[in-house]
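These notes concern the structure reproduced below.
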Amino acid sequence: MDFRPLNELERRHLITALRGNADGNRVLLMDHKDTSFAGSAEEVPDEEVINAIKSVPCHY
Amino acid sequence: MGLLDTESGKRRLLSVDLPVIEKYNEGRDLEFRIRIQKVGSTLVLCYNLKPGHNVYSIETRLLSSYPTVPPETRIQTLLKHCPHLLEGQTLCLWRQGSTRTSNRWDPAKFTCIFAVQAAWRWLACYEIWHDTGEWPLPEAK
């Protein structure tokens, strides 16, 4: 794969969202068409539940 | 419980997992929809995820013992060797091989889409690790 990195701003935004998600206070949002990162939120509208990643109890 | 050869397994599929897959696929670009294949007694979900700018091809296997045993997710796209990646590019997600009480997969609460979302989060971490050399999340206690 020809890896295309995130730019600095995108990376910082994603790290903040991931850490907020791991702390249990933010939900990660996936774009409903292509699964790209669509930001994070405290609350999720019902119709977006399938695209919202709550705190995933993974062991990393 | 056999996922495909017992009444309880089929009921679980028809009432829980297949409806959430349909919901996940609704309105999604074709390339990113989940496709289902039957391989022996295993159901394989094939899909793509793009947490950043890169598209990853993924397989999540629902074994015959699913949902008691958690789904297994492998990345088909070649990755650099990194933390939390097991042999065969299987994602280390649920403490495979751990006891039932310490396993983070809960069959009563989670569906196969939860495994897709866990893979998305893992890949988002991978994209950051690829650039910085640091996994952005601490190991859970």
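Just so you know, all these numbers are worked out from the coordinates, no wet-lab data involved. Here the structure is a predicted model, which is why all the values come from computation and not from measurement. Note that we place each Cβ from the backbone using ideal geometry, even for glycine, and neighbour counts take in every protein chain shown.
Brief remarks follow.
- Other-chain or far-sequence residues with amide H under 5 Å of A:Val44's (modelled H): none
- Volume of the Cα convex hull of region B:10-141, divided per residue and given in Å³: 118
- The mean number of partner chain beta-carbon atoms within 10 angstrom of a residue's beta-carbon across peptide B:27-34 is 3.
- Of all lysines in the structure, the ones whose alpha carbon falls short of 16 Å from that of B:Lys38, not counting any fewer than 8 places away in one chain, are B:Lys10.
- Residue of B:Leu62, B:Leu85, B:Leu30 that the Gaussian network model of chain B assigns the largest fluctuation, springs spanning Cα pairs under 10 Å: B:Leu30
- Bins of 10 Å, starting at 0 and running to the largest distance - Cα pair percent for the protein assembly as shown: 9, 37, 39, 14, 2, 0
- By the helix-only formula, in which each DSSP H run with n ≥ 4 contributes -39500 (n - 2.57) and the sum is divided by residues, the protein assembly as shown has a 222 nm mean residue ellipticity of -8000 deg cm²/dmol.
- Built amide H within the under 5 Å cut-off of A:Ala38, gap 5+: A:Leu29, A:Met30, A:Asp31
- For A:1-9, mean number of other protein chain Cβ atoms within 10 Å: 5
- For the segment A:24-37, counting C-beta atoms of other chains within 10 Å of every residue's C-beta and taking the mean gives 5.
- A simple rule links phi to the HN-Hα coupling: the Karplus curve 6.51 cos²θ - 1.76 cosθ + 1.60 with θ = phi - 60°, which for region A:9-18 gives 5, 4, 5, 5, 4, 5, 4, 4, 5, 5 Hz, with x for Gly and Pro.
- Residue order, fewest to most surrounding Cβ atoms within 10 angstrom, among A:Met30, A:Met1: A:Met1, A:Met30
- Ordering of B:31-41, A:35-45, B:50-60, B:125-135 by packing is B:50-60, B:125-135, A:35-45, B:31-41, highest average first (other Cβ atoms within 10 Å, averaged per residue).
- Rounded to 10°, Cα long-axis angle of helix B:112-132 versus longest principal axis of chain B: 10
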